[in-house]
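**Student:** Below you will find the structure I want to go over with you.
The values are calculated or read from the model by the stated rules, or taken from the named source; none is laboratory data. Quick caveat: nothing in here was measured; it's all calculated off a predicted structure. FYI the Cβ positions are ideal-geometry reconstructions off the backbone, even for glycines, and counts take in every protein chain you see.
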Amino acid sequence: MRKKHSFSYLWTGQSLANLGDAFYTLALVTIIYQSTHSTFLAALLPIIRTVFTSISGLLAPLILDRFSLKHILIISQFGQTIFLLGLVWLSTYPVTLFLTWIWFFIAILAFLDGWTKPARNSLIPRLVEKTKLVKANSFISTTDNILLLAGWSLGGMAVAAFGARQILWGTLSLFVISTLSLLFIMDPEEKEHMQKENNNHLATLKEGWSIILSHPVLSRMAIGYTIMGLSFGVWSGAILLTFVNKALHQNEAWWGFINSSYFAGTIMGGIVTYALSKWIEKHLVSTIIAGSIVFSVFTFVFAGISVPILSLILVFLTGPPFEALLNASRTIIQTSTSPAQLPKVNAAYFTLDYVSFGLSTLLMGTLADLMEIRMVYVIAALLSAMPALLLIPVRKYEYKTFDQI
C-alpha cells in the first residue's frame with residue numbers, strides 16, 4: 001500500500017511539473033515576443049532549454065551518485081520553483097532590460113529539469129511490482145502525452161484570456177504543489193541502493209555509457225534509437241508545416257489538425273499498451289521490433305499521401321506502435337540494469353534523446369531545403385526502421401533480466 005501511495009505522489013508531482021513546463025514556456029515565449037518583436041529571440045527559449053537539458057544529462061551521474069532519487073527530484077523541483085519565482089519577478093519589469101538574466105534563469109531551469117526524468121524512470125521500478133512495470137510506464141507515458149496536449153492547447157488559450165504574466169503566477173503554484181507532493185514519496189530501497197560517493201568523476205560520468213555499450217540489448221537499442229531519433233524532426237513545427245503546404249496543399253489549420261491527431265494517437269497508444277501490458281511484458285524485444293517496423297511503414301505511406309483526411313488517420317495510427325515501442329524499451333532498461341546502476345543508464349539514454357532530437361531538427365530542416373519534402377519523410381521512414389533491424393539478432397534475450405546476462 002505504501003508503494004502504491006508513493007507512486008501516486010510521484011505521478012502527481014511530475015504531472016503538475018510537466019503541465020507547468022508547458023505553461024511557463026508558452027508564457028515566456030509570448031512575453032519575449034511581445035516585448036522584443038523578435039521571432040529569433042523568442043525561438044531561442046526552446047534552443048536554450050534543449051542545450052542545457054542535454055548538458056545536465058551528461059553531468060547527471062555526478063548528482064545521481066551523491067543523492068537519493070527522491071532527494072534529487074525534490075532538489076530539482078524546489079530549485080525550479082525558486083528560479084521560476086525569479087522569472088516571475090523579472091517579468092514585472094521591461095523584458096529588454098533584463099533579457100540576459102531571463103536567458104540565465106531559463107538555462108538553470110532546464111539544467112535542473114535534466115535530472116528529473118532519469119530519476120523518475122529509475123524510481124518507478126522501486127514503487128511498483130515488477131509484473132506491473134509495463135502498465136506503470138504506459139500510465140506515466142499516457143499522462144505525459146495528455147498533459148502535453150492540454151498544456152499547449154489550453155495554455156495558449158489561457159495566455160490569450162488572462163495574459164502571460166498571470167499564467168506565470170499560475171505555473172508557480174503548480175511547481176509549489178509538485179514539490180510538496182514529492183516530499184511524501186517513500187522509497188523502500190533508498191538505503192539499500194545508496195552508493196558511496198566516487199571521487200573519480202570521469203569514471204562516474206562514463207559508468208552509464210559503459211554499461212550500455214557492454215550490454216547486448218541496451219547497446220543495440222541505444223544505437224537504434226539514436227538513429228531513429230534523427231528522424232523525429234519531421235514531426236516538428238516548421239517541417240510538418242512545409243509538408244502540409246507543399247504536399248497536401250492545405251493551410252495552417254491542417255497543420256494544427258495533424259498535430260492534434262498525432263497527440264491523440266499517442267494517447268490512444270498509451271491506452272492500448274496499458275491494456276496489453278501482460279502480453280508486452282513477455283515479448284519486450286519483439287514489441288520494439290514490431291513497433292519500429294509498423295511506425296516506419298506508416299511514415300513511409302504518409303510521405304506519399306495527397307488526401308488530407310488520410311494523413312490525419314495515418315498520423316493517428318503511428319501513435320500505438322510508437323508508444324508500444326517506447327514503453328517496452330523503458331521496461332527493458334529497467335529490468336536489464338541493476339537498481340544501483342539504473343539512474344546512470346537512464347541519464348545516458350535521455351542525453352541521447354535530447355541530442356538526437358536537436359540534431360534531427362537541423363538535419364531534417366536542411367534536407368527539406370535541399371530536396372522535395374516527400375523525400376524527407378521517406379528518409380525519416382527508413383531511419384525509423386533501425387531499432388528493428390538492430391534488435392532482430394538479439395531476440396533470444398527476450399525474457400532475461402540484469403542478473404541473467
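**Student:** Is one or more of the residues making up region 222-240 more than 20 Å from the chain's Cα centre (by Cα) and assigned to a helix (DSSP H, G or I)? Show your work before the answer.
**Tutor:** Keep residues of region 222-240 that are more than 20 Å from the chain's Cα centre (by Cα), which gives none.
Scanning region 222-240, I find no residue that is more than 20 Å from the chain's Cα centre (by Cα) and assigned to a helix (DSSP H, G or I), so the answer is no.
**Student:** For region 206-264, how many residues meet the condition of being closer than 30 Å to VAL394 by Cα and among the small types (Gly, Ala, Ser)?
**Tutor:** Qualifying residue count for the region: 9.
**Student:** Further question on the same structure: Could you check how many residues of region 278-297 are buried (at least 18 other Cβ atoms within 10 Å of the Cβ) and either touching a Gly at 6+ places or on another chain (Cβ under 7 Å) or of a type in the set (Gly, Ala, Ser) (or both)?
**Tutor:** We begin by selecting, within region 278-297, every residue buried (at least 18 other Cβ atoms within 10 Å of the Cβ); these are 280-281, 284-285, 287-289, 291-296.
This time we only want the ones that are either touching a Gly at 6+ places or on another chain (Cβ under 7 Å) or of a type in the set (Gly, Ala, Ser) (or both), so: 291-292, 296.
Qualifying residue count for the region: 3.
**Student:** Looking at this structure, is ARG395 at pLDDT below 85, more than 21 Å from the chain's Cα centre (by Cα) and assigned to a helix (DSSP H, G or I)?
**Tutor:** Values: at pLDDT below 85: yes; more than 21 Å from the chain's Cα centre (by Cα): yes; assigned to a helix (DSSP H, G or I): yes.
So ARG395 passes the test.
**Student:** Enumerate the pairs (first residue in region 245-261 and touching a residue at least 60 places away in the same chain (Cβ under 8 Å); second residue anywhere and polar (S, T, N, Q) and in a helix (DSSP H, G or I)) with beta-carbon separation below 8 Å, excluding pairs fewer than 6 apart on the same chain, so at least 6 apart or on different chains.
**Tutor:** LEU248/SER311; SER260/SER153
**Student:** Right, something else. State whether the residues of region 142-149 include one that is of a type outside the set (A, V, I, L, M, F, W, C) and farther than 28 Å from ASN259 by Cα.
**Tutor:** Here is the first cut: in region 142-149, the residues of a type outside the set (A, V, I, L, M, F, W, C) are 142-145.
Cutting the leftovers down to farther than 28 Å from ASN259 by Cα gives us none.
Looking through region 142-149, none of the residues is of a type outside the set (A, V, I, L, M, F, W, C) and farther than 28 Å from ASN259 by Cα.
**Student:** Looking at region 123-152 only, could you name the residues that are of a type outside the set (Lys, Arg) and either touching a Lys or Arg at 6+ places or on another chain (Cβ under 9 Å) or on the phi > 0 side of the Ramachandran plot (or both)?
**Tutor:** LEU123, ILE124, LEU127, VAL128, GLU129, THR131, LEU133, VAL134, ASN137, ILE140, SER141
**Student:** Would you confirm whether or not region 105-114 contains a residue that is under 29 Å from LEU62 (Cα atoms), touching a helix residue (DSSP H, G or I) at 6+ places or on another chain (Cβ under 6 Å) and modelled with pLDDT under 90?
**Tutor:** Scanning region 105-114 turns up at least one residue that is under 29 Å from LEU62 (Cα atoms), touching a helix residue (DSSP H, G or I) at 6+ places or on another chain (Cβ under 6 Å) and modelled with pLDDT under 90.
**Student:** Just to be sure I understand, how many residues within region 119-144 are crowded, with 23+ Cβ neighbours inside 10 Å and in contact with a Gly (Cβ under 7 Å, 6 or more places away or on another chain)?
**Tutor:** Adding up the residues that qualify gives 1.
**Student:** Return a yes/no flag: does region 362-371 have any residue that is in the same structural domain as GLY256 (by TED's automatic domain parsing), surrounded by fewer than 21 Cβ atoms within 10 Å (Cβ to Cβ) and among the charged types (D, E, K, R).
**Tutor:** The answer is yes; a qualifying residue exists.
Per-residue answers, yes or no, for (1) small (Gly, Ala, Ser); (2) surrounded by 16 or more Cβ atoms within 10 Å (Cβ to Cβ); (3) not assigned by TED's automatic domain parsing to the domain that holds TRP152:
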residue: GLY13; (1), (2), (3): yes, yes, no
residue: GLY20; (1), (2), (3): yes, yes, no
residue: VAL29; (1), (2), (3): no, yes, no
residue: PHE40; (1), (2), (3): no, no, no
residue: VAL51; (1), (2), (3): no, yes, no
residue: LEU59; (1), (2), (3): no, yes, no
residue: GLN80; (1), (2), (3): no, yes, no
residue: PHE98; (1), (2), (3): no, yes, no
